[in-house]
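In what follows, a single structure is set out as C-alpha coordinates and then discussed.
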Amino acid sequence: MFDKILETIKKYDTIVVARHIGVDPDALCSQLALRDVIQFNFPEKKVSAIGTGSHKFAHIGKLDKLEKNYSHALLIVTDTPDKRRVDSVDFSQFEEVIKIDHHPFVESFGRLEYIDDKASSACEIIMRFLVHTGLQLNSSIAELLYMGLVSDSNRFLFDSSTPELFALVSYFLKNYPFDLSSCYQKLYLRPLNEVRLEGYIALNMTVTENGLGYVSITNDIINEFGVDSASAGNMINNFNFIKEVLVWVTMTEDVKNEQIRVSIRSRGPVINQVAEKHHGGGHKFASGARVKTMEEAMKIIEDLDKVLETYQKEGIVNGN
Ligand code: AMP
(Lines give C-alpha, C1' and ligand atoms only; values in the text may rest on other atoms or scores of the structure.)
Protein backbone atom coordinates (compact mmCIF):
# COMPACT_ATOMS: atom_id res chain seq x y z
CA MET A 1 0.00 0.00 0.00
CA PHE A 2 2.80 2.47 0.87
CA ASP A 3 4.32 1.93 -2.61
CA LYS A 4 0.97 2.62 -4.23
CA ILE A 5 0.57 5.80 -2.16
CA LEU A 6 4.01 7.02 -3.25
CA GLU A 7 3.25 6.20 -6.91
CA THR A 8 0.06 8.25 -6.67
CA ILE A 9 1.86 11.18 -5.01
CA LYS A 10 4.38 11.14 -7.90
CA LYS A 11 1.54 11.42 -10.45
CA TYR A 12 0.16 14.77 -9.22
CA ASP A 13 1.62 18.29 -9.43
CA THR A 14 -0.90 19.70 -6.97
CA ILE A 15 -1.40 17.96 -3.64
CA VAL A 16 -3.53 19.06 -0.70
CA VAL A 17 -3.22 17.49 2.75
CA ALA A 18 -6.22 17.76 5.09
CA ARG A 19 -7.33 16.32 8.45
CA HIS A 20 -10.23 16.35 10.89
CA ILE A 21 -12.17 19.29 12.32
CA GLY A 22 -11.36 20.24 15.91
CA VAL A 23 -7.64 20.12 15.23
CA ASP A 24 -5.31 18.35 17.68
CA PRO A 25 -1.53 17.86 17.59
CA ASP A 26 -1.57 14.44 15.85
CA ALA A 27 -3.94 15.66 13.11
CA LEU A 28 -1.95 18.87 12.61
CA CYS A 29 1.53 17.33 12.82
CA SER A 30 0.67 14.44 10.48
CA GLN A 31 -0.65 16.80 7.80
CA LEU A 32 2.21 19.32 8.16
CA ALA A 33 4.87 16.60 8.15
CA LEU A 34 3.38 14.95 5.08
CA ARG A 35 3.17 18.29 3.28
CA ASP A 36 6.77 19.13 4.17
CA VAL A 37 8.16 15.74 3.26
CA ILE A 38 6.47 15.75 -0.16
CA GLN A 39 7.72 19.29 -0.79
CA PHE A 40 11.23 18.33 0.38
CA ASN A 41 11.43 15.40 -2.05
CA PHE A 42 9.51 16.95 -4.94
CA PRO A 43 10.24 20.71 -4.85
CA GLU A 44 8.50 21.26 -8.19
CA LYS A 45 5.11 20.18 -6.82
CA LYS A 46 2.62 22.55 -5.22
CA VAL A 47 1.79 21.03 -1.85
CA SER A 48 -0.46 22.60 0.77
CA ALA A 49 -1.90 21.73 4.16
CA ILE A 50 -5.37 23.12 4.78
CA GLY A 51 -7.96 23.36 7.56
CA THR A 52 -9.10 25.64 10.34
CA GLY A 53 -6.13 26.70 12.45
CA SER A 54 -6.02 27.03 16.20
CA HIS A 55 -4.31 29.77 18.13
CA LYS A 56 -3.21 27.17 20.69
CA PHE A 57 -1.19 25.20 18.14
CA ALA A 58 -0.02 28.13 16.01
CA HIS A 59 3.62 27.66 17.13
CA ILE A 60 3.66 24.07 15.79
CA GLY A 61 3.50 25.16 12.17
CA LYS A 62 1.69 27.19 9.55
CA LEU A 63 -1.24 26.03 7.47
CA ASP A 64 -1.78 27.17 3.89
CA LYS A 65 -4.61 29.13 2.32
CA LEU A 66 -7.50 27.23 0.87
CA GLU A 67 -7.78 27.88 -2.86
CA LYS A 68 -11.09 28.40 -4.62
CA ASN A 69 -10.41 25.86 -7.35
CA TYR A 70 -8.11 22.90 -7.61
CA SER A 71 -7.67 21.13 -10.90
CA HIS A 72 -6.06 17.75 -11.46
CA ALA A 73 -5.23 17.62 -7.77
CA LEU A 74 -4.68 14.87 -5.22
CA LEU A 75 -6.20 15.07 -1.75
CA ILE A 76 -4.59 13.21 1.15
CA VAL A 77 -6.58 13.06 4.39
CA THR A 78 -4.80 12.09 7.59
CA ASP A 79 -6.21 11.06 10.98
CA THR A 80 -9.89 11.10 9.92
CA PRO A 81 -12.19 8.06 9.56
CA ASP A 82 -15.21 9.73 7.98
CA LYS A 83 -15.90 12.27 5.27
CA ARG A 84 -18.14 14.51 7.37
CA ARG A 85 -15.30 15.27 9.80
CA VAL A 86 -12.75 16.32 7.18
CA ASP A 87 -12.00 20.02 7.72
CA SER A 88 -12.62 22.56 4.92
CA VAL A 89 -12.61 20.18 1.96
CA ASP A 90 -14.82 20.10 -1.14
CA PHE A 91 -14.21 16.53 -2.28
CA SER A 92 -15.67 17.21 -5.73
CA GLN A 93 -12.60 19.34 -6.59
CA PHE A 94 -10.16 16.45 -6.33
CA GLU A 95 -9.36 13.84 -8.89
CA GLU A 96 -8.16 11.30 -6.35
CA VAL A 97 -8.27 10.83 -2.58
CA ILE A 98 -5.95 8.94 -0.21
CA LYS A 99 -6.77 8.26 3.43
CA ILE A 100 -4.13 7.58 6.11
CA ASP A 101 -5.71 6.90 9.49
CA HIS A 102 -5.50 5.13 12.84
CA HIS A 103 -9.17 5.36 13.91
CA PRO A 104 -11.49 2.36 13.84
CA PHE A 105 -12.99 2.09 10.33
CA VAL A 106 -16.11 4.19 9.77
CA GLU A 107 -16.42 4.59 5.99
CA SER A 108 -14.37 4.48 2.86
CA PHE A 109 -13.79 7.73 0.96
CA GLY A 110 -10.47 7.28 -0.82
CA ARG A 111 -9.24 5.11 -3.67
CA LEU A 112 -6.26 4.19 -1.51
CA GLU A 113 -6.75 3.82 2.23
CA TYR A 114 -4.10 2.87 4.75
CA ILE A 115 -5.82 2.24 8.08
CA ASP A 116 -4.24 0.72 11.18
CA ASP A 117 -6.36 1.25 14.27
CA LYS A 118 -3.65 -0.32 16.43
CA ALA A 119 -1.18 2.43 15.53
CA SER A 120 -0.56 4.98 18.29
CA SER A 121 -1.11 7.92 15.96
CA ALA A 122 -1.41 9.07 12.39
CA CYS A 123 2.17 10.34 12.77
CA GLU A 124 3.40 6.80 13.50
CA ILE A 125 1.90 5.64 10.20
CA ILE A 126 3.60 8.51 8.34
CA MET A 127 6.89 7.47 10.00
CA ARG A 128 6.41 3.89 8.75
CA PHE A 129 5.62 5.26 5.29
CA LEU A 130 8.87 7.24 5.25
CA VAL A 131 10.97 4.31 6.41
CA HIS A 132 9.36 2.01 3.84
CA THR A 133 9.68 4.38 0.88
CA GLY A 134 13.08 5.83 1.80
CA LEU A 135 11.89 9.39 1.17
CA GLN A 136 14.31 12.06 2.40
CA LEU A 137 13.48 14.13 5.46
CA ASN A 138 15.06 16.51 7.95
CA SER A 139 15.01 17.10 11.70
CA SER A 140 12.08 19.54 11.65
CA ILE A 141 9.90 16.98 9.88
CA ALA A 142 11.01 14.33 12.38
CA GLU A 143 10.17 16.68 15.24
CA LEU A 144 6.65 17.25 13.89
CA LEU A 145 6.07 13.49 13.65
CA TYR A 146 7.42 12.91 17.14
CA MET A 147 5.18 15.65 18.57
CA GLY A 148 2.01 14.16 17.07
CA LEU A 149 2.98 10.68 18.21
CA VAL A 150 3.84 11.74 21.76
CA SER A 151 0.63 13.70 22.03
CA ASP A 152 -1.73 10.96 20.78
CA SER A 153 -0.03 8.21 22.77
CA ASN A 154 -0.18 10.52 25.82
CA ARG A 155 3.59 10.10 26.25
CA PHE A 156 3.62 6.35 25.53
CA LEU A 157 0.98 5.53 28.16
CA PHE A 158 -1.17 3.20 26.06
CA ASP A 159 -0.98 -0.37 24.73
CA SER A 160 -0.13 1.06 21.32
CA SER A 161 3.38 1.67 22.72
CA THR A 162 4.84 -1.54 21.30
CA PRO A 163 8.50 -2.52 20.86
CA GLU A 164 8.02 -1.70 17.14
CA LEU A 165 6.92 1.82 18.04
CA PHE A 166 9.93 2.38 20.29
CA ALA A 167 12.23 1.04 17.55
CA LEU A 168 10.68 3.46 15.07
CA VAL A 169 11.05 6.39 17.44
CA SER A 170 14.62 5.40 18.20
CA TYR A 171 15.41 5.31 14.45
CA PHE A 172 14.04 8.83 13.95
CA LEU A 173 15.74 10.29 17.03
CA LYS A 174 19.07 8.82 15.97
CA ASN A 175 18.95 9.84 12.33
CA TYR A 176 17.16 13.19 12.55
CA PRO A 177 18.04 14.62 15.99
CA PHE A 178 16.13 17.58 17.41
CA ASP A 179 15.89 19.25 20.79
CA LEU A 180 13.53 17.14 22.92
CA SER A 181 13.03 19.68 25.70
CA SER A 182 11.99 22.43 23.29
CA CYS A 183 9.66 19.93 21.62
CA TYR A 184 7.98 19.15 24.97
CA GLN A 185 7.67 22.87 25.73
CA LYS A 186 5.83 23.35 22.44
CA LEU A 187 3.40 20.61 23.45
CA TYR A 188 2.96 21.10 27.16
CA LEU A 189 3.70 24.69 28.22
CA ARG A 190 0.41 26.22 29.37
CA PRO A 191 -0.79 29.31 31.22
CA LEU A 192 -1.45 29.25 34.97
CA ASN A 193 -5.18 29.86 34.30
CA GLU A 194 -5.45 26.44 32.71
CA VAL A 195 -3.79 24.77 35.70
CA ARG A 196 -6.26 26.58 37.96
CA LEU A 197 -9.16 25.27 35.85
CA GLU A 198 -7.69 21.79 36.24
CA GLY A 199 -7.99 22.30 40.00
CA TYR A 200 -11.65 23.26 39.51
CA ILE A 201 -12.28 20.07 37.49
CA ALA A 202 -10.68 17.89 40.16
CA LEU A 203 -12.72 19.56 42.91
CA ASN A 204 -16.02 19.42 41.04
CA MET A 205 -15.87 16.00 39.40
CA THR A 206 -18.83 13.81 40.35
CA VAL A 207 -17.86 10.16 40.74
CA THR A 208 -20.51 7.42 40.57
CA GLU A 209 -20.45 4.12 42.46
CA ASN A 210 -19.49 2.38 39.22
CA GLY A 211 -16.40 4.53 38.71
CA LEU A 212 -17.62 7.15 36.24
CA GLY A 213 -16.21 10.63 36.79
CA TYR A 214 -17.87 13.56 35.04
CA VAL A 215 -17.86 17.31 35.16
CA SER A 216 -19.55 20.07 33.20
CA ILE A 217 -17.47 23.07 32.23
CA THR A 218 -19.96 25.81 31.46
CA ASN A 219 -19.25 29.00 29.56
CA ASP A 220 -19.40 30.93 32.86
CA ILE A 221 -16.64 28.75 34.30
CA ILE A 222 -14.59 29.11 31.10
CA ASN A 223 -14.88 32.90 31.40
CA GLU A 224 -14.23 32.91 35.14
CA PHE A 225 -10.91 31.12 34.62
CA GLY A 226 -10.07 33.11 31.49
CA VAL A 227 -9.38 30.12 29.25
CA ASP A 228 -10.84 29.19 25.87
CA SER A 229 -13.31 26.40 25.27
CA ALA A 230 -10.89 24.27 23.22
CA SER A 231 -8.23 24.30 25.97
CA ALA A 232 -10.85 23.49 28.61
CA GLY A 233 -12.05 20.54 26.51
CA ASN A 234 -8.52 19.21 26.07
CA MET A 235 -8.02 18.88 29.84
CA ILE A 236 -9.71 15.49 29.77
CA ASN A 237 -6.28 13.98 29.03
CA ASN A 238 -4.88 15.11 32.39
CA PHE A 239 -7.23 12.99 34.51
CA ASN A 240 -5.95 9.47 33.92
CA PHE A 241 -4.89 7.19 36.80
CA ILE A 242 -7.42 8.22 39.43
CA LYS A 243 -8.01 5.11 41.54
CA GLU A 244 -11.77 5.61 41.91
CA VAL A 245 -12.35 6.56 38.27
CA LEU A 246 -12.32 4.13 35.33
CA VAL A 247 -14.14 6.28 32.79
CA TRP A 248 -14.10 10.06 32.86
CA VAL A 249 -15.98 12.70 30.90
CA THR A 250 -15.82 16.45 30.44
CA MET A 251 -18.84 18.29 29.03
CA THR A 252 -17.53 21.60 27.77
CA GLU A 253 -19.79 24.37 26.56
CA ASP A 254 -18.67 25.82 23.24
CA VAL A 255 -20.78 28.94 22.76
CA LYS A 256 -19.15 29.91 19.45
CA ASN A 257 -20.14 26.64 17.79
CA GLU A 258 -23.38 26.36 19.79
CA GLN A 259 -22.54 22.90 21.07
CA ILE A 260 -21.39 20.90 24.05
CA ARG A 261 -18.17 18.98 23.50
CA VAL A 262 -18.43 15.68 25.32
CA SER A 263 -14.98 14.10 25.71
CA ILE A 264 -14.68 10.58 27.08
CA ARG A 265 -11.66 8.57 28.22
CA SER A 266 -11.40 5.09 29.72
CA ARG A 267 -8.82 2.78 31.18
CA GLY A 268 -11.09 -0.27 31.15
CA PRO A 269 -14.43 -0.48 29.36
CA VAL A 270 -14.72 0.18 25.64
CA ILE A 271 -16.53 3.49 25.21
CA ASN A 272 -16.72 4.29 21.50
CA GLN A 273 -20.04 2.44 21.00
CA VAL A 274 -21.71 4.82 23.45
CA ALA A 275 -20.16 7.81 21.64
CA GLU A 276 -21.37 6.41 18.29
CA LYS A 277 -24.90 5.94 19.65
CA HIS A 278 -24.92 9.71 20.31
CA HIS A 279 -23.60 10.64 16.83
CA GLY A 280 -19.99 10.83 17.96
CA GLY A 281 -17.22 8.27 17.68
CA GLY A 282 -13.52 7.72 18.21
CA HIS A 283 -11.15 5.13 19.60
CA LYS A 284 -11.97 2.30 22.01
CA PHE A 285 -10.62 4.22 25.02
CA ALA A 286 -10.71 7.84 23.77
CA SER A 287 -13.94 9.03 22.22
CA GLY A 288 -16.16 12.05 21.96
CA ALA A 289 -19.43 13.48 20.74
CA ARG A 290 -20.82 16.94 20.10
CA VAL A 291 -24.36 17.57 21.36
CA LYS A 292 -26.66 20.57 21.57
CA THR A 293 -27.69 20.56 25.24
CA MET A 294 -26.45 19.51 28.67
CA GLU A 295 -29.52 17.21 28.88
CA GLU A 296 -28.27 15.27 25.83
CA ALA A 297 -24.80 15.16 27.36
CA MET A 298 -26.29 13.69 30.54
CA LYS A 299 -27.84 10.88 28.46
CA ILE A 300 -24.30 9.91 27.44
CA ILE A 301 -23.34 9.92 31.12
CA GLU A 302 -26.25 7.57 31.91
CA ASP A 303 -25.27 5.17 29.11
CA LEU A 304 -21.64 5.16 30.18
CA ASP A 305 -22.59 4.44 33.77
CA LYS A 306 -24.58 1.41 32.58
CA VAL A 307 -21.57 0.19 30.59
CA LEU A 308 -19.48 0.55 33.74
CA GLU A 309 -22.05 -1.25 35.88
CA THR A 310 -21.89 -4.27 33.54
CA TYR A 311 -18.11 -4.04 33.38
CA GLN A 312 -17.82 -4.00 37.18
CA LYS A 313 -20.25 -6.95 37.54
CA GLU A 314 -18.30 -8.98 34.99
CA GLY A 315 -15.13 -8.17 36.90
CA ILE A 316 -16.65 -9.49 40.13
CA VAL A 317 -17.91 -12.66 38.35
CA ASN A 318 -14.42 -13.22 36.94
CA GLY A 319 -12.85 -12.53 40.33
CA ASN A 320 -10.91 -9.43 39.22
P1 AMP B 1 -12.29 14.77 22.09
O2 AMP B 1 -11.40 14.47 23.21
O3 AMP B 1 -13.62 15.26 22.50
O4 AMP B 1 -11.68 15.69 21.08
O5 AMP B 1 -12.57 13.42 21.31
C6 AMP B 1 -11.71 12.31 21.33
C7 AMP B 1 -11.78 11.57 20.01
O8 AMP B 1 -13.13 11.17 19.78
C9 AMP B 1 -11.41 12.40 18.79
O10 AMP B 1 -10.05 12.33 18.55
C11 AMP B 1 -12.20 11.72 17.70
O12 AMP B 1 -11.53 10.56 17.27
C13 AMP B 1 -13.46 11.27 18.41
N14 AMP B 1 -14.59 12.20 18.27
C15 AMP B 1 -14.85 13.30 19.00
N16 AMP B 1 -16.00 13.89 18.59
C17 AMP B 1 -16.48 13.16 17.58
C18 AMP B 1 -17.62 13.25 16.72
N19 AMP B 1 -18.52 14.22 16.86
N20 AMP B 1 -17.78 12.30 15.78
C21 AMP B 1 -16.89 11.29 15.65
N22 AMP B 1 -15.79 11.14 16.42
C23 AMP B 1 -15.57 12.06 17.37
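Here are the numbers:
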{"item": "For the stretch 10-25, Karplus couplings with θ = phi - 60° (6.51, -1.76, 1.60), whole Hz, Gly/Pro x", "result": "5, 6, 10, 8, 10, 10, 10, 10, 10, 7, 6, 5, x, 3, 9, x"}
{"item": "Prolate/oblate/rounded label for the stretch 161-320 (Cα gyration tensor, a/c 1.5)", "result": "oblate"}
{"item": "GNM flexibility winner over the chain from 117, 90, 101 (Cα, springs under 10 Å)", "result": "90"}
{"item": "Apportionment of accessible area to carbon and sulfur, the stretch 219-274, percent (1.4 Å)", "result": "45"}
{"item": "Efficiency of FRET between residue 279 and residue 157 - r from beta-carbon atoms, R0 35 angstrom, step 0.05", "result": "0.80"}
{"item": "In Hz, Karplus ³J(HN,Hα) per residue of the stretch 112-119 (6.51, -1.76, 1.60; θ = phi - 60°; x = Gly, Pro)", "result": "10, 9, 10, 10, 9, 7, 9, 5"}
{"item": "Three-way shape label, the chain, alpha-carbon gyration tensor, a/c 1.5", "result": "prolate"}
{"item": "Trypsin sites (Lys or Arg not before Pro) within the stretch 1-86, DSSP loop, no more than 10 other Cβ atoms inside 10 Å", "result": "62, 65, 68"}
{"item": "Length gained when the stretch residue 219-residue 164 is fully extended (0.36 nm per residue, less Cα-Cα span)", "result": "15.5 nm"}
{"item": "Theoretical gain in end-to-end length, residue 200 to residue 298 [0.36 nm per residue, Cα-Cα removed]", "result": "33.3 nm"}
{"item": "Protein accessible area in the stretch 2-187, 1.4 Å probe - carbon and sulfur %", "result": "51"}
{"item": "Probe 1.4 Å, accessible area per residue of the chain, Å²", "result": "49"}
{"item": "Rounded FRET efficiency, nearest 0.05, which uses the C-beta distance separating residue 138 from residue 95 and R0 of 35 Å", "result": "0.75"}
{"item": "Burial order of peptide ranges 280-292, 150-162 (average beta-carbon count within 10 Å, highest first)", "result": "280-292, 150-162"}
{"item": "Inter-label distance, nm, simple model (7 Å from Cα along the C-beta direction), residue 4/residue 112", "result": "0.9"}
{"item": "Extension gain from residue 67 to residue 42, taking 0.36 nm per residue of separation minus the Cα-Cα distance", "result": "6.9 nm"}
{"item": "Where labels lie 7 Å past Cα in the beta-carbon direction, separation of residue 131 and residue 258 in nm", "result": "4.8"}
{"item": "Shape call, the stretch 2-187: gyration tensor on alpha carbons, a/c limit 1.5", "result": "rounded"}
{"item": "Label-point gap, in nm, between residue 13 and residue 56 - each point 7 angstrom along Cα→Cβ", "result": "4.0"}
{"item": "Amide H contacts under 5 Å for residue 17, placed H, 5+ residues apart", "result": "48, 49, 50, 76"}
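The values are calculated or read from the model by the stated rules, or taken from the named source; none is laboratory data. All values derive from a computational prediction rather than experimental measurement. With ideal geometry, Cβ positions are generated from the backbone for all residues, glycine too; neighbour counts draw on all protein chains shown. Please note that ligands, DNA and RNA were not included when accessible areas were found on the heavy atoms of the full protein model with its side chains. Shrake-Rupley method; radii C 1.70, N 1.55, O 1.52, S 1.80 Å.
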